[in-house]
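Everything on this sheet refers to the single structure shown next.
The values are calculated or read from the model by the stated rules, or taken from the named source; none is laboratory data. Just so you know, these numbers come straight off a predicted model, no measurement behind them. When we count neighbours, we look across all protein chains shown, and the Cβ atoms used for this are built from the backbone with ideal geometry, even at glycine. Accessible surface areas use protein heavy atoms only, side chains included; no ligands, DNA or RNA. Shrake-Rupley method; radii C 1.70, N 1.55, O 1.52, S 1.80 Å.
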Amino acid sequence: MRFAGSTVLLFLVWFSLPCFGQGQKIQAFKAEEAPKIDGVLDDICWQRLPDTDDFRYEEGGAPVPEKTQAWICYDSRCIYVAFRCMDSQPDKIAAQQKKRGGAIWSDDYVGCYIDPWHAHGPTYHFNVTPRGTQQQEFPGDGGSKIEWQGDWTAAARTDETGWTAEMAIPWPILKYPKNQDTIGLYFFRRHARTDGSWCSPYLGPHEDISLMYDWVGLEPPSPKLNSIALHYTNVGLGGVRFQNGLDIKKQLSQQVNGLITINPDFGSVEQNVENIDFTYSPRVLSDKRPFFAEGGTPHHESEYRMFYSRDIEEVDFGTKVTGHTGSHEFAGLMTTSGRGDRHIFYKSRWTIGQDNRIGLAAVSTREPGIENNVLSAYGRLGKRTASRFDYCEYQLMKSFTPGAGGDGTITLVGAGGEGGPRQFGWGLWYQDVQPDYYAADGIVPEPDLKGWNYHIDYWDEYADGWIRGWSIELYGVGQRLHSNDLLSRGLSLDAGIWTLNNYYHLGFWRGAYRDESTAGDGSFITYRDRTYSLGYGWNQNDMYERGWIDLTFGKVAGGRSLHCQMKQAFKLGDPFHIDLNVEFVKMTGPYARRDRQVVASLSYDLSSERSVSARLIERDGTLNLSLGFRQAVSRGEDIYILFGDPNADKTVNRVVVKLIRPLF
């Protein structure tokens, strides 16, 4: 026992030792004259040597075939960034996306990623394509209004040698402490023609952000606290009532935001459309509603088992606080409705070093006839080396419900690791979900289980050649009920190959699952499943022509099953494109069914700020059509016109006009 205890202690000490890299330094340059943001690098501040031209492949760190140069400087108003991207085949530069904030991932683009606290934590992402289309990702921001996130400018030009880009990022967008003289920097370029992801500096096989450039010698302006209030008005026809609402965000400090929402409009938000393929357990989907998305970084991977915001459908008033102080990140919210509901959720997480974390969370739910509380604790010890990242982790949840039952626990303990190309990834987890665990605001796909799951994977990637990469993964599960009856047991093997534009996938699953009998007498039956899956994707680097098809067939739930899903993008002229998703499932046996679902999304881009869209969902002969007009401007009033309800089961004959205007 003494030897075993010593071994465990040494293991934990090894994991807990921080392993930081040392970032290279870029000396700050203060511009005497601000550059004109027009994509032309003729300004005085860009006539010096570039701050970096050492771009490497993001995976593996090999030198890249095309030269990239990047500059950065600042003044009292903005941070300015410039790129020169050489391209030996400039006629093949990809720049399809026109909508600001749209998906640019199949285009050429450059990015500057900023860690203003220099704490090796969440970063601000600023990206721009050769067309000048801007895309940004800010830590914790869930609002779509540009003024809610913060506005910045960019421009780009193409020429016979490649393309150039400029950015101006106002200091007030960033949150940083007083007298901050060092900021973390990372430059990125995507080369669409070769599907290359290039970066400077190279962060290692698992993106060690402590290796970002240290931008030193800064004298930024004193940070200011910003506030914004957005008022919306809904009017319309077809049962639409006149509705007003208000969203307020106030910086309580450079690290903390406070939010208030009054009578929010959630009806015009398009949530995800759930697939129709067979599953023994409920699915967990993301929540796109801005109030819940703001500061929505999960406490841990199983957070939905205690708080699943999509189950909160009615909100008349909500308040929220998000932020961090040093190594402490936190978020809390409370919502109420006219039905007498009250939902409270709070989570805190402390980061020790770069990879070690501990966290606490709590949920309190009050609804007519329901009183429920859940507490959670979480911890992770990680060890990062030059080629790997390995960790061990635990998650504990405990529910408290007055009366009989509802006072159970969930325990998850495990370890895992990952590396770069030609490195094994692995994971081994034990979980115990007690039958009495109950979370009124959570979703528990399996309310009674104990057992193991594990996986091991291996992959490689290449800079050139027909095959650009391949992967293989083995996954296994063995779970029982607390009565010791079998719940599930299985083994899967998945393999994939990808080329410059296409990918190929093969999969196999064999397992057993205990489910309630369809006879309706409360009895249970164990189904023995065996399925095969095939997948093929084409034109993955062209957002207007890409597509994929997945086919899964075999024995499922005591019968034969066939599930097919295909998605294809079409371009009808420069501004008009369609995404078509067709899904079909056929089953025999106890769950015999034959279902079809078609989701067609259409978009016509009038400009980078204005577009017309439509979504048609056909599910076994039932249609739901919604049409929309969007005007999202950087300054002033946004306008949305919506026909129908994108989240209804069938077409709703209504028209909604929504106006969003900033008050301050």
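Restricting to the range 563-622, name every residue that is within 20 Å of ASP542 (Cα to Cα) and among the acidic types (Asp, Glu). Hits for the range 563-622 are ASP574, ASP579, ASP605.
Scanning the range 195-236 for residues that are open to solvent by less than 30 Å² (accessible area, probe 1.4 Å) and either of a type in the set (S, T, N, Q) or in contact with a His (Cβ under 9 Å, 6 or more places away or on another chain) (or both) yields TRP198, SER200, ASP208, SER210, MET212, ASP214, TRP215, THR233, ASN234. Every listed requirement among (1) in contact with a Phe, Trp or Tyr (Cβ under 8 Å, 6 or more places away or on another chain); (2) open to solvent by 30 Å² or more (accessible area, probe 1.4 Å) is met by GLY442 save one, (2). Reported count of residues in the range 179-194, each being touching a helix residue (DSSP H, G or I) at 6+ places or on another chain (Cβ under 9 Å), open to solvent by less than 40 Å² (accessible area, probe 1.4 Å) and not aliphatic (A, V, I, L, M), is 2.
The set of residues from the range 85-121 being open to solvent by 10 Å² or more (accessible area, probe 1.4 Å), farther than 18 Å from ARG189 by Cβ and in contact (Cβ under 8 Å) with a residue 40 or more places away in the chain comprises LYS98, LYS99, ARG100, GLY101, TRP117, HIS118, ALA119, HIS120, GLY121. Of the numbered conditions (1) within 30 Å of GLY60 (Cα to Cα); (2) outside any strand (DSSP E or B); (3) in contact (Cβ under 8 Å) with a residue 40 or more places away in the chain, HIS482 satisfies every one except a single condition; which is it? Evaluating HIS482 over (1) within 30 Å of GLY60 (Cα to Cα); (2) outside any strand (DSSP E or B); (3) in contact (Cβ under 8 Å) with a residue 40 or more places away in the chain leaves (1) as the failure. Does the range 578-589 include one or more residues that are more than 23 Å from LEU642 (Cα to Cα), part of a strand (DSSP E or B), among the charged types (D, E, K, R) and open to solvent by less than 30 Å² (accessible area, probe 1.4 Å)? Yes, the conditions are met somewhere in the range 578-589.
Criterion first (in contact with a Lys or Arg (Cβ under 9 Å, 6 or more places away or on another chain), surrounded by fewer than 18 Cβ atoms within 10 Å (Cβ to Cβ) and farther than 24 Å from MET334 by Cα) does TYR462 satisfy it? In short, yes. Does at least one position in the range 550-558 carry a residue that is open to solvent by 30 Å² or more (accessible area, probe 1.4 Å) and under 24 Å from the mean Cα position of the chain (by Cα)? Yes. In the range 485-501, the condition of being closer than 30 Å to ARG193 by Cβ, under 25 Å from the mean Cα position of the chain (by Cα) and assigned to a loop (DSSP other than H, G, I, E, B) is met by at least one residue. Restricting attention to the range 365-382, the residues being open to solvent by 20 Å² or more (accessible area, probe 1.4 Å) and under 26 Å from GLU393 (Cβ atoms) number 5.
Within the span defined as the range 513-533, every residue fails to be of a type outside the set (Ser, Thr, Tyr) and within 29 Å of the chain's Cα centre (by Cα).
Each residue in the range 237-265 was checked for being touching a residue at least 60 places away in the same chain (Cβ under 8 Å) and either in a loop (DSSP other than H, G, I, E, B) or buried (at least 18 other Cβ atoms within 10 Å of the Cβ) (or both), and 13 pass. Contact map, the range 194-215: residues that are closer than 14 Å to SER387 by Cβ paired with residues that are surrounded by fewer than 19 Cβ atoms within 10 Å (Cβ to Cβ) and among the hydroxyl-bearing types (Ser, Thr, Tyr), Cβ distance under 7 Å, separation 6+ or inter-chain. Pairs shown: PRO205/SER387. With (1) open to solvent by 70 Å² or more (accessible area, probe 1.4 Å); (2) at pLDDT 90 or above as the list, and ASP494 as the residue in question, which single condition is left unmet? Unmet for ASP494, out of (1) open to solvent by 70 Å² or more (accessible area, probe 1.4 Å); (2) at pLDDT 90 or above: (1). Looking across the range 406-422, just one residue is assigned to a loop (DSSP other than H, G, I, E, B), closer than 30 Å to ALA62 by Cα and open to solvent by 50 Å² or more (accessible area, probe 1.4 Å), and that is ARG422. Taking the range 601-633 as the range and being open to solvent by 50 Å² or more (accessible area, probe 1.4 Å), closer than 17 Å to THR133 by Cα and of a type in the set (A, V, I, L, M) as the test, only LEU606 passes. The residue of the range 343-363 that is farthest from the chain's Cα centre (by Cα), among those that are of a type in the set (S, T, N, Q) and open to solvent by less than 20 Å² (accessible area, probe 1.4 Å), is ASN356.
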